[in-house]
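The values are calculated or read from the model by the stated rules, or taken from the named source; none is laboratory data. In this text the structure is predicted, and so the values were computed from the model without any measurement. Positions of Cβ are backbone-derived with ideal geometry, glycine not excepted, and every protein chain shown enters the neighbour counts.
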Amino acid sequence: MPEYDIIIIGAGASAAAAALQLSEMGKKPMVIDVGLVPLRQIEDQKNLYTLKKTRDCTSFLVGDSLEYFNAKKQVLPAKLKSPYFQYVTDDPRFFNVRQTNYNAITSYAKGGLGVAWGNGLMRFSDEDFENFPIDFEDVLPFYKKLEAHIGISGTNDDLSPYFGNVENLQEPLKLSKNSQKIWNYYSKHRSHIQEKHISLGRPRIGVSANAYGKRERCQYDNLEFWQPDHTSLYTPVMTLQELVLHDKIVYKSGFFVDRWKEKEGKIEVIAYELASKQEHRFETQKIIIAAGVVNTARIVLKSREDHKTKLKLTDNPALQFPFFFPGSFGKSLEEDSFGLTQLSMIYKSKILDKKVIGAFVEVTSPMRSEFFDKFPFPASDNLNFMKYILPGMMASQIFLPSDPEIYAELSLTQANDVDIVGTGHAIPQPLVHEAVNVLRSLGLLTLEGFAYRVSHGNGIHYGGALPMSLNPASAYETTIEGELPENKNVYIADGSTFNGIPATNYSLTLMANAMRIAKACGMS
Ligand SMILES: Cc1cc2nc3c(=O)[nH]c(=O)nc-3n(C[C@H](O)[C@H](O)[C@H](O)COP(=O)(O)OP(=O)(O)OC[C@H]3O[C@@H](n4cnc5c(N)ncnc54)[C@H](O)[C@@H]3O)c2cc1C
């Protein structure tokens with residue numbers, strides 16, 4: 001008998017959820033992971049602005065060797081450039097990723113990209129499952145388990161028709177002063193705004209006003225961009241730690257999985273130890289691959305020694321806009337607000353005939369240099385202008401659904417590197433125009449010229465490489481239980497199986513679906 005019944009590859013959100021489900025079924029899987037961890041933490045978790053006044057913060061703000069600015073050469077969201085978060089996208093370089101017109105972000109961290117996420121954890125609606133062979137009811141039991149496990153805050157409000165009427169939501173966070181202004185405007189003009197098919201509400205996030213389980217209450221310390229393993233933000237690491245503590249999983253970090261091999265009714269997982277680069281083989285009955293879409297695709301192509309197939313890679317196109325409250329220009333900056341999403345917005349795009357989702361975020365936590373080059377003045381004037389303008393500025397992050405016609409192609413080169421070729425497609429101007437009109441309907445001051453189009457692949461919600469199908473027609477489609485039809489007992493449990501990426505942030509569904517697949521794997 002092999003040593004392990006089930007091996008899970010990866011330790012991000014998908015893998016942690018699969019492990020949680022299997023542990024509930026009395027299974028004890030081995031979770032194998034590269035598993036990079038933060039090298040440093042900010043010792044005293046005070047408020048960012050108190051720290052700035054009382055001590056030298058160079059090390060965590062820009063890095064002792066100005067790492068923040070080096071990272072800027074890559075196209076990375078602000079949080080991933082932050083010195084103490086840079087480990088999340090460090091790469092042990094067992095292979096290269098060649099990218100043309102695409103900017104996929106991969107992680108080899110314990111907890112994966114989820115250690116740096118914005119914590120937006122909401123359900124898909126029926127509409128979001130439109131292109132999937134499964135529907136809302138198939139994942140509902142797992143949504144419920146995850147919501148209880150994580151403790152998601154929010155209220156049942158105008159966004160409930162989209163995010164679901166969830167029982168036991170945790171108390172939402174206090175709004176920043178500027179967000180309160182948006183909320184007041186919306187409350188006053190609600191029926192008129194809703195006639196335009198625009199709704200506003202509290203976000204569903206894995207952080208709350210009160211403590212939940214081992215997670216502390218929100219600190220309003222603006223350290224969200226700087227402090228990995230922040231005690232008040234849920235990350236998949238919390239789930240892994242709990243499972244290890246209760247002896248429900250074996251967690252093996254420090255191993256890069258290269259491929260699997262079927263051998264006499266068993267499966268061998270072939271991995272390289274990071275420290276020694278030595279090859280190790282682990283025997284198991286079944287594997288669940290949840291290494292993030294790019295890595296999962298590579299493991300599958302490598303195991304099949306397939307250097308020809310081009311897999312589809314799809315993700316959300318996204319837009320960012322700053323918007324302004326001139327009445328707050330020159331006032332003092334609110335230093336104890338929550339530095340991530342304050343409010344969520346949904347509107348129906350007439351152009352796409354689909355739902356679009358926006359998050360309104362505070363700009364008190366990220367580095368000021370993120371906005372520095374957006375102003376047209378000389379450097380010293382820009383700095384002064386920013387000081388003046390920042391108390392009256394927020395930003396919106398708008399996600400559009402993926403377009404089935406626009407995708408990148410991922411293949412394995414002869415040298416076993418990954419090659420990704422995108423289209424360089426940019427969001428067309430009419431959609432930017434539409435988004436600006438929506439923001440203006442909410443009383444927000446912004447301009448089309450401020451729009452920043454997130455580059456292709458930087459939406460960070462990847463999918464489509466190994467889509468689910470009721471009747472898989474190729475070796476690269478999975479069954480609806482996530483199993484590869486030509487490789488019995490090999491299951492795919494991350495975004496690879498998603499048939500499209502709707503506008504709704506997909507990580508809660510990613511996790512719920514991973515649990516659904518893990519259940520099928522554990523039962524078969
Ligand atoms: C700044 C930022 C903000 C975000 N905000 C949100 C949000 O608000 N809401 C939302 O829904 N989503 C958000 N996301 C996206 C979300 O974080 C990801 O979609 C999600 O975490 C993906 O999880 P995953 O487990 O599928 O993959 P990953 O997070 O990529 O995890 C992959 C795991 O596999 C391991 N691994 C990879 N390759 C190998 C290998 N060969 N051998 C062994 N182990 C391997 C890695 O170590 C890692 O543990 C955000 C992402 C970022 C970066």
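Considering (1) among the polar types (S, T, N, Q); (2) within 16 Å of the ligand (Cβ to nearest atom); (3) within 16 Å of Ala291 (Cβ to Cβ), say which one Asn487 fails and leave the rest.
With respect to (1) among the polar types (S, T, N, Q); (2) within 16 Å of the ligand (Cβ to nearest atom); (3) within 16 Å of Ala291 (Cβ to Cβ), Asn487 is out only on (2).
Yes or no: Leu484 surrounded by fewer than 24 Cβ atoms within 10 Å (Cβ to Cβ) and within 22 Å of Lys348 (Cα to Cα)?
no
Quick one: Glu3 ticks every box in (1) surrounded by fewer than 22 Cβ atoms within 10 Å (Cβ to Cβ); (2) touching a strand residue (DSSP E or B) at 6+ places or on another chain (Cβ under 9 Å); (3) modelled with pLDDT of 95 or more bar one, so which box is it?
Among (1) surrounded by fewer than 22 Cβ atoms within 10 Å (Cβ to Cβ); (2) touching a strand residue (DSSP E or B) at 6+ places or on another chain (Cβ under 9 Å); (3) modelled with pLDDT of 95 or more, the lone unmet condition for Glu3 is (3).
Please go through the stretch 294-315 and pick out each residue that is within 19 Å of the chain's Cα centre (by Cα) and near the ligand (Cβ under 10 Å from one of its atoms).
Scanning the stretch 294-315 gives Val294, Asn295, Thr296, Asp315.
Please enumerate the residues belonging to the stretch 257-281 that are surrounded by fewer than 16 Cβ atoms within 10 Å (Cβ to Cβ) and part of a loop (DSSP other than H, G, I, E, B).
Glu264, Gly265, Ala275, Ser276, Lys277, Gln278, listed by residue number.
What residue, among those in the stretch 26-46 that are at pLDDT 95 or above and in a loop (DSSP other than H, G, I, E, B), is farthest from the ligand (Cβ to nearest atom)?
Here the residue is Gly26.
Can you tell me which residue in the stretch 54-104 is nearest to the ligand (Cβ to nearest atom), limited to those that are assigned to a loop (DSSP other than H, G, I, E, B) and under 26 Å from Ser276 (Cα atoms)? Spell out the reasoning first.
So the first thing to find is which residues in the stretch 54-104 are assigned to a loop (DSSP other than H, G, I, E, B), and the list is 55-57, 62-66, 72-77, 82, 90-96, 101-104.
Adding the requirement that they be under 26 Å from Ser276 (Cα atoms) leaves 90-96.
Working: Asp90: 10, Asp91: 10, Pro92: 9, Arg93: 12, Phe94: 7, Phe95: 9, Asn96: 14 Å.
Checking each candidate, the answer is Phe94.
What helices (runs of 4 or more DSSP H), lying completely within the stretch 362-455, carry at least 2 residues that are more than 21 Å from the chain's Cα centre (by Cα) and crowded, with 20+ Cβ neighbours inside 10 Å?
429-441
Collect the residues in the stretch 97-119 that are farther than 24 Å from His425 by Cβ and among the β-branched types (Val, Ile, Thr), keeping them in residue-number order.
The answer is Val115, and nothing else.
So, in the stretch 490-512, of the ones that are of a type in the set (Ser, Thr, Tyr) and within 12 Å of the ligand (Cβ to nearest atom), which residue ends up surrounded by the most Cβ atoms within 10 Å (Cβ to Cβ)?
Here the residue is Thr497.
Out of Met515, Met523, Met468, report the one residue that is more than 11 Å from the ligand (Cβ to nearest atom), touching a residue at least 12 places away in the same chain (Cβ under 8 Å), surrounded by fewer than 18 Cβ atoms within 10 Å (Cβ to Cβ) and under 26 Å from Ile249 (Cβ atoms).
The conditions single out Met523.
Restricting attention to the stretch 306-327, does a residue exist that is of a type in the set (Asp, Glu), assigned to a strand (DSSP E or B) and either at pLDDT below 95 or surrounded by 14 or more Cβ atoms within 10 Å (Cβ to Cβ) (or both)?
There is no residue in the stretch 306-327 that is of a type in the set (Asp, Glu), assigned to a strand (DSSP E or B) and either at pLDDT below 95 or surrounded by 14 or more Cβ atoms within 10 Å (Cβ to Cβ) (or both).
Could you tell me whether any residue of the stretch 25-45 is on the phi > 0 side of the Ramachandran plot, of a type outside the set (Phe, Trp, Tyr) and touching a residue at least 24 places away in the same chain (Cβ under 8 Å)?
So far as the stretch 25-45 goes, yes, one or more of its residues are on the phi > 0 side of the Ramachandran plot, of a type outside the set (Phe, Trp, Tyr) and touching a residue at least 24 places away in the same chain (Cβ under 8 Å).
Counting only residues that are over 25 Å from the mean Cα position of the chain (by Cα) and touching a residue at least 24 places away in the same chain (Cβ under 8 Å), how many does the stretch 485-501 have? Let's see the steps before the verdict.
First, pick out the residues of the stretch 485-501 that are over 25 Å from the mean Cα position of the chain (by Cα): 485-489.
Now restrict to residues that are touching a residue at least 24 places away in the same chain (Cβ under 8 Å): 487, 489.
Counting residues in the stretch 485-501 that are over 25 Å from the mean Cα position of the chain (by Cα) and touching a residue at least 24 places away in the same chain (Cβ under 8 Å) gives 2.
Of a type outside the set (Phe, Trp, Tyr), under 30 Å from Val300 (Cα atoms), within 13 Å of the ligand (Cβ to nearest atom) and not in a strand (DSSP E or B): does that describe Ser23?
Taking the combined requirement at face value, the residue does not satisfy it.
As an exercise: evaluate Pro236 against (1) under 18 Å from Val418 (Cβ atoms); (2) surrounded by 23 or more Cβ atoms within 10 Å (Cβ to Cβ); (3) near the ligand (Cβ under 10 Å from one of its atoms) and give the number of the one condition it does not meet.
(1)
Can you tell me which residue among Lys350, Lys355 is among the basic types (Lys, Arg), away from the ligand (no atom under 14 Å from the Cβ), closer than 18 Å to Ser199 by Cβ and crowded, with 19+ Cβ neighbours inside 10 Å? Break it down stepwise before answering.
Working: Lys350 fails: crowded, with 19+ Cβ neighbours inside 10 Å.
Step by step, each of Lys350, Lys355 is checked, and only Lys355 is among the basic types (Lys, Arg), away from the ligand (no atom under 14 Å from the Cβ), closer than 18 Å to Ser199 by Cβ and crowded, with 19+ Cβ neighbours inside 10 Å.
Among the residues of the stretch 201-219, count how many are of a type in the set (Ser, Thr, Tyr), more than 24 Å from Tyr186 (Cα to Cα) and either touching an Asp or Glu at 6+ places or on another chain (Cβ under 7 Å) or at pLDDT below 95 (or both).
0
Quick check on this structure: which one of Leu173, Leu146 is of a type in the set (A, V, I, L, M, F, W, C), buried (at least 19 other Cβ atoms within 10 Å of the Cβ) and closer than 20 Å to Ser396 by Cβ?
On the way: Leu146 fails: closer than 20 Å to Ser396 by Cβ.
On inspection, the qualifying residue turns out to be Leu173.
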